[in-house]
Every structure is written in C-alpha cells, then in structure tokens.
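Since every read-out is calculated from the coordinates, none of them should be taken as a lab result. Since this is a predicted model, take the numbers as computed values, not measurements. Because the Cβ atoms are built from the backbone with ideal geometry, glycine has one as well, and the counts that use them run over all protein chains shown.
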Amino acid sequence: MSAADARAERRTDPYADARDWGRVRFLHRLNPLAKIAGPLPAMIVLIFSHGIPVPSSFLLLAVALLVVGAHLGGRALLGLFVLLPVAMAVLTVSFALWTDASRVSDTELLFQVGDYRFHAGALAVGAATALRLAGILTLSLVAGLTTTGPDLVRALVQQLRVPYRLGYTALAAYRFVPRFGHELDVIRQAHRVRGMAHGRGPIAAARRHLGYVVPLLAGGIRHAERVSLAMDSRAFGAHATRTERHLVPFRARDWVFVGAFWAASAVILVVAAALGGA
Amino acid sequence: MTEPTPLIEVEDARIRHLGSPAATPDGVTLTVSPGEVVLVLGPSGCGKSTLALALNGLVPHAVAATLEGEVRVAGVPTTETTVAALSAHVAMVFQDPDAQIVTGTVLDEVCFGPENLQLPVDEVLARAERALRQVGLWERRAENPDRLSGGGRQRLAIACALALGSGVIVLDEPTANLDPRGIDEVYAVLSALVRERDHAIVLVEHDLDAAMGLVDRVLVLDRHGRPIAEGPAGTVLRSRAQELLELGVWLPTATLAGLRMRAAGIPLPELPLTPAELTAALDALDTAGAAPPSSPTSRSSTSPSPTSPSRPAPTSGTTPPSRSPTPSDAPPPTLPEASARDGAAPAVRVRGLRVAKSRTSILHGIDLEVGRGDFLAVVGTNGAGKTTLLQAIAGVVPPPKGTVDVLGLDPSRADVRTLARTVGFVFQNPEHQFIRATVAEELAHGLELQSAADSSLNAPAIADRVNRMLDRFGLAGLRDAHPFLLSGGQKRRLSVGTALIAGAPVLVLDEPTFGQDRARAAELLGILSALNAEGTTVIVATHDLQLVADHASHVLVLTGGAVAAHGTTGAILGSDALESAGLRAPALVRALRATADPRWHGVTGLDGLEAAVRMPGPAHPEPGGARG
C-alpha cells in the first residue's frame, strides 16, 4: 500500500485516533461536548437573526477559531475558503431573486426585466440569509472538524451519562455502513445481469429499488444478529458500567472555552444591537 | 493435569430451534477438561454450531431455541447465569471475521471484552498486549481492523477471546471464510496455543487437514444430531473412517487417500490422518521391498480424468436424488468437445483485458483462452483480481469493448437477454441474485425474458423446462417456497439452476464454496462436474485447491492482476506456480511430493493416486501382493 493510499485511508477512516496537533491547535484538545455547548447559543441566535452584522461576526469568529485552533487538511481548507464563498454567493443571488421587491423598493434599483425589479436591498436580504446559513455551518464545524466519532460517544457516556450500551452499539452499527454500501453494489450488479434493469421511468425504478430491499435486509439482519452474538460473547452489558480506557474529561479549559464563547457571543450581540440601534 | 475439574459439562443436551420439529443436537454428553482440544464433527445440519453456541449460554439466552438437559460451565448451569458472566469462562470465535469487530482499532477491539468485565485499566492493557503478542498483531495495534487481511481479522478474534481470560475457547468454523494463507495463519496461532496447554479448545471445523494435528479428542454427531462416536481422535478416525465417510463427515485428505489405497488393494497397516503420516505410509510402502516403479509422466494431465468428475463418497448423503449415477462409478465419458478441443474455437477468449476501479488498476493485460468443455479454476490470493476477471467474462461489469469474446459474443455490447443465453454467472452469495417470490418463478424468470424474442417459448414450454430443472436440482418439493427461505445448499443449487436455465453453455461461478461446509461444497462440485461432463464450460474462482485438484481440467493462477500461470491441472499442480503465487499446494500434493519415491510426485488428485497405485502393473510385484 502506497503512502498516498494510506493517507486516503486515514482520511476516510472514521475510527482513526484523534491526533494531537499541539498547543496552538487547541480545539483538538477540548472535550467534544464543550465544542458543542460553546457555539450552541450562537447557532440558535443565528436561526432568528436579521441583518448582516450578527451573522458575519459569528462567521468570522468561527472561521478564525478553525484557522487558528484546528488542524485543517486540504479538503477542509478547500471547502472553507473556496466552496463556502462560492455557495454563499450563489445563495445570496438566489435568495435576492426571490425577495419581494415591494419590501425593498426604497433601495437603489439595479435592473428591471419587464415587471420584475431587482433592488440593491434584495441583495442585502439574500446576503443576510446566506450569512446565517454559513454561520451556522461553520459554528458546527468547530466541533465537526476536530472531533472523532468514538470521542463524542465517550463524552456522551462519561459526562452526559448516556447508557454505554446505546453509545457503543451505535458505534458498532457505524461499521455496517460501508459493508451495506458494498453489498448494495453487488445486488445491483446481480439484478442487472438477471434482467431486472428493463423499464424506464419512476415506476420501473421504484420496482427495481424495492427488489434490492429484500436481499439487503436479509443480509443486514443476519449480520446484525451475528455482531450481537459476538458482542454478547465478549461480556457486553455484563455490568452497569464498563472500564473506560480513554477518558474524555471535562476540564477547566473546557469550562473556559464554553464561558469565553458565550461571552464573545454576548458581546457580538450587544455591540450589534447598539450599532443597529444607533 | 491428570485429574482436572471439567470446565464444561454437557449432560444429555437436546436443543430445538424455534419452529424446528426435531432437536439437533439430540442427547449430547460431553466434558471439556483444562488444556484439552476437542473436535466436533458431523454432517451439515447436525447441530455442531448450535452445540457450540450452547457452551457459552448463547443458547438458550440469545438464540431462539429450547435447551433440554444441562450445560454446566465451571459447575454452574448456563440457564442460571448470563452470557456476559459466562464469557469469563468460555470465549467464542465465530466463522465470519467481519461480524465480530465492533471498534475502530485493533487495540480497542482486544480491550473491548476486558473493559466490559470492568477490569482495571492496567490489567486491560496487560491482557491486550499479551493476547496481541500471542497472535502476532501487537505491532499493528493502532490500525483499523478493516485493514487486516481475513486471516489477520480472525487472529484478532482469537486475541479477543484470549483477552477475556477464559479457560475455554470455542471456535465455530474459524477458517471457513478464509483463503489458504489465512487458514495457515489461524492454525499457526492455534498450534502455539495448544502447545502451551493453558486453554481448552473446542473446535468445530471442516478443514481437517489443518486441524488434525492439534486435536486430542473427537465427538461425532450423525445427521440427526445424535452422538455416534467419542474418543481419542486417532482411534475414532482410524477405526471408523468408512462409517464416517458414509455419514457425510469430511475426512482429512490423507485419510481419504488411505481409504482409496486400501480399496485399490494396498494394505496400509494404519490409516494416515495427516499429510506427514501419509508421506510416511507411502515411504514405508516403498521400502517394504517394492521394485522401483516405472517413472510416470504427469498422469493427471494426460489421463482423461480432467473431464471426468470425481468426488468420493461424502457427497452421497446430500447429492440431489436426480443425479443418480455418481460420476465416480461411471467410466469417464469421452466428450466430443474434449477430443476436438484443440481444433474448435475456444469458448472464451480474452485479449489484453485491463480493468481499473476508482483509478486503481486491477487487471493489467490479461490474455486467456478457455477451450469448450474445459473446467477452469481461477486461483490466486485475495486481491489478485479473480472476481474482476470473472465479472468481465460474464459481462457483470462490462469489460472494455473488444477485449472479451464468449462464443462469438462481446459481453460489453450484448443485451441482458443474449448474455443470459450465452453465459451464466453465479454470485458468491446466492441471495444477491434472487429476484422473484417463489423458486419456480425464479427459474422461469430467465425463460420469460427470452420468450419476448422467441415465440416457441410459450407458457407450457417454460413450465416444462422449469419442472425439469426443479427435478434435476432436487427442488421439486420446494417450487412454491420463497427463495430466501431455502437452506444454504438449496439456495446454491437454485442459483446454479437460474444461471443455466436459459441454456448458457458457459457457466461462471465466483467462489461458489466460500463460507460453505464441506458437504455442501462437495455437492455443488458434483453438480458442476456433471454439467461439465455434458459439455458445459465451467469457470470457477476458488481458494479451495484440493477442489481444484479433484475437479478442474485447467488452472489459471493470477498474481497482482496478471496471469502467472495457465495450463492443465496436472501441469500447474506439478510445478511450483502455486507457491510462487503465494498459495500452497493442496494437502495431498504436499504429502505426495514429500515421498521418497518419485512415482507419487506427479499425482495431484485422489483419482491419480489410484492410477499411480496400479502403475507398477502386473510385471512389478507389489508389496504384500494383495492387489487384484
């Protein structure tokens, strides 16, 4: 296996151990729950916010946090600095086109096609909506890009007292996904060579997909049964708790992060309100 | 160790699965003492695996079945405790390595059990390290288990069992899903465990060639799950070999060879159980004063046996009743195709076939010709490109245009209907290809597709052909059953039937024996050999090299997406092509090659063995002179 393959493998490996990228990339060292709890109020505010200053401030805050505190791979950088701006531009224009012209008729008229008038104000409304969406997305990436699935489950079990049977079963079930994907491919091939591919249109397609369900379910249930027998055989559920080798503690720095994030959120809102009110 | 307390006591256990009329196993009594290795043998469906599940309480706690009698682990009846509590005494290793992995790294996986037992972290890690070192995976502890080979994942499962610290390890067909290299890896680990004698091992296994060297005691169940023999492995197998064979129990190849030789008139003082014993027995034979036999040429490749199906008795119990004359009693049929093979156009011609999947090249430039009526086995390690080659030939994944020709048809251009008439493909898992609600409809499906173009194929004609196919594969009583409700062997027969019913003269099968027990594998091979004898060209990808030796006329060895060797079975098995491709010659070939007398060296299959026994002919006195 070449180094490139190994890299690709690691990137797609949902179980790869959380790596420590040093003191500066501090987000990787925080408890997953802190990284969710910190941005959560801001995300709720963004759902209901208006105007441009509030969402753009939160967007900048989230991006700044990610750039400084997270180790970003090529894909993440591409997404954050190329795809996200492009998507925001597209959203801005789309939302602007849909905006009711009478609501923004007091702003400068940019162009007019027949009865349709496009005002600069519509662009502002579109931009506000796009910024809100982008803000919520980047805030969720603060945890999303710096947390592994197993760590999140461990934190849920250790801090939120989610029953471990639930958490670890979910993790085990996660392994089914690629397996089912592969199995579906094979079933598709098999049905195609057996002549199930005939017929076009949505009804034929629906019938075809219905045909995949039975073998996929049969295989899936059998696999799940085997996995559960294997887990039972290894004392899963023997006691109310289990030994945790990987502790995901909630430390002082996690409290500091949450507190600081909430404080920053409050400052942004207060300043924006003051400026908006002025 | 002479007077140990039993770890497991099974007393008159009868286990009946929900909805099943009879109990299998039925009345089994067994004790397992520290350090001993017990092998459970029996034909398919006798309840071996069910018995294994009862040893750690999965039956009746987690599996819908009733248990009569009693199973005691460390003196406690399994019904009075939980599977989780029992896991500290009895650990399990199952057949499918993929279905046993729950975490994301090798180390986490091994720690999973001890963590569930609430052991302190130091102890968890100490046990994990010890277990991983025992199976040789400590260096790979940080990796995702998905990146291990099949054999590696099964060794991981053994490490997980070791880490539980239990006195007994129960292994249920641990090598059935592995390639030969994986089987070797698993048995290397098990041999080391047996040498230490720290654990008792209960083994349910069909591959006795590998297992025989480790086993102390065997328990044999008959078809109804009743115990018919129990005792030291050597004694039971040697004294009752013929009986076990008739029961449908798969014997070690060396023992089968011994039985054949006795039948051919060679009085072996003791039946061999392992390849090494067979070698010794043959050497003893030769030093007993035989005249040096005339040096044979590669017999298997020159004899007509390649086209003659040969399978010893174990198939008899499970073969479909319609296949009445077992091919081994019939004289090898001389096929027109076989004799005219060199002149006729090949059935399959592959030219410069290159296939890449997601930018990784899988096949780079395959050239291949398969003669009409050939039985070609495609062998190679995992990832050598066997499945990809077969899928390209059968048009399952259309190959590049002009690279594959099947009887004048290019699978990349053919429509489904024409393709189905020319080449039938049988998937590894038969369930994947079932698309109709009853067995009869499933068979009729291919013909219904053809009937759109062929007006002579009306409803009565289709029904007639379906009925004949049902009879042929012993499925007549199940014509209205749902395909998914058939047994494993029945599903496999149905999938072969559906591939054949449109009259395809070429049949391609991807790992048809993978994950199946020996009896089912033998049954399927019997069917394929019979079809082949009738002129069907058969192409099979397989890991089972003894099957290759006994059935295939030709062998194609793939390594890294290229043809490493291609020739008659005798020529390939006689060369070192398998070894250089990372495979291992089948047990019989290895045993025979190790003999001092070169007359055995060219023999590859059991039939060839008989021929070699007869080889010296009347002019050469045979030791013991008991022939004829």
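The mean of 1/r over all distinct Cα pairs in region B:150-217, once inverted, gives the Kirkwood hydrodynamic radius of 12.0 Å. Taking amide H positions as modeled 1.01 Å from N, with prolines and chain starts lacking one, no residue 5 or more places away or on another chain lies under 5 Å from B:ILE501. Taking the helices alone, chain A has a mean residue ellipticity at 222 nm of -22000 deg cm²/dmol, built from -39,500 (n - 2.57) per DSSP H run of at least 4 residues and averaged over all its residues.
Put in order of Cβ neighbour count within 10 Å, fewest first, the listed residues A:TRP21, B:TRP600 become A:TRP21, B:TRP600.
The residue list A:HIS182, A:TYR164, A:HIS223 was ranked by how far each Cα lies along the charge dipole of region A:161-233 toward its positive end, using unit charges on Cβ atoms, and A:HIS182 comes out on top.
Explain nothing, just the number: dipole magnitude of region A:161-233 about its Cα centre with +1 on each Lys and Arg Cβ and -1 on each Asp and Glu Cβ, in debye rounded to the nearest 20.
Rounded to the nearest 20 debye, it is 220 debye.
The label-point distance for B:ALA188 and A:ALA101, in a model that sets each label 7 Å from Cα toward Cβ, rounds to 7.8 nm.
For chain B, a crude dipole built from +1 on the beta carbon of Lys and Arg and -1 on the beta carbon of Asp and Glu, taken about the Cα centre, is about 1500 debye to the nearest 20.
If you wrap the tightest convex hull around every Cα atom of region A:161-233 and split its volume per residue, you get 101 Å³. Less than 5 angstrom separates the built amide H of B:VAL40 from those of B:LEU203, B:VAL204, B:GLU205, B:LEU219, all sequence-distant by 5 or more or on a different chain.
Per residue, the convex hull spanned by the Cα atoms of region B:463-520 amounts to 97 cubic angstrom. The HN-Hα couplings worked out from phi for region A:155-168 by the Karplus form 6.51 cos²θ - 1.76 cosθ + 1.60 (θ = phi - 60°) are 5, 4, 6, 6, 9, 8, 6, 5, x, 5, 4, 5, x, 6 Hz, whole numbers, x standing for Gly and Pro. Close amide H contacts of B:ALA229 (hydrogens built in the peptide plane, cut-off under 5 Å, sequence separation of 5 or more or a different chain): B:VAL220. Couplings for region B:491-504, taken from phi via the Karplus curve 6.51 cos²θ - 1.76 cosθ + 1.60 with θ = phi - 60°, read 4, 4, 5, 5, 5, 5, x, 5, 6, 8, 5, 6, x, 5 Hz in order; Gly and Pro are left as x. In this simple spin-label model, placing a label point 7 Å from the Cα along the Cα-to-Cβ direction at both A:ALA263 and A:VAL67 gives a separation of 2.3 nm. Go through A:GLN112, B:LEU419, A:ALA127 and say which Cα lies farthest out towards the positive end of the charge dipole of the protein assembly as shown; charges sit on Cβ, +1 for Lys and Arg, -1 for Asp and Glu. Final value for the positive-end residue is A:GLN112.
Only one residue of B:GLY213, B:ILE8, A:PHE58 has its Cα farthest out toward the positive end of the dipole of the protein assembly as shown, where Lys and Arg carry +1 and Asp and Glu -1 on Cβ, and that residue is A:PHE58. The fraction of all Cα pairs in chain A landing in successive 5 Å bins from 0 to the largest distance is 1, 5, 9, 10, 11, 11, 11, 12, 10, 8, 6, 3, 1, 1, 0, given as whole percents.
Here is the list for region B:493-597: GluC sites (Glu not before Pro) lying in DSSP coil, each with at most 12 other C-beta atoms within 10 angstrom of its C-beta, are B:GLU534. Only helical runs count toward this figure. For chain B, summing -39,500 (n - 2.57) over DSSP H runs of n ≥ 4 and dividing by all residues gives -10500 deg cm²/dmol at 222 nm. Cβ crowding within 10 Å ranks B:SER44, B:SER456, A:SER49 as B:SER456, A:SER49, B:SER44, fewest other Cβ atoms first. Computed over the alpha-carbon atoms, chain B gives an Rg to Rh ratio of 0.97, Rh here being the Kirkwood radius from the mean inverse distance. Normalised by 2.2 N^0.38 Å, where N is the number of residues, the alpha-carbon radius of gyration of region A:171-278 equals 2.00. Here the spin labels are modelled as points 7 Å beyond Cα on the Cα-Cβ line, and at A:PHE26 and A:ILE47 they lie 2.9 nm apart.
For the protein assembly as shown, give the magnitude of the charge dipole about the Cα centre (Cβ charges: +1 Lys/Arg, -1 Asp/Glu; no others), in debye to the nearest 20.
2360
The phi torsions of region B:214-222, fed into the Karplus equation with coefficients 6.51, -1.76 and 1.60 and a -60° offset, translate into couplings of 9, 8, 8, 9, 10, 10, 10, 9, 8 Hz, rounded to whole numbers, with Gly and Pro shown as x. The share of C-alpha pairs in the protein assembly as shown whose separation exceeds 41 Å stands at 48 percent.
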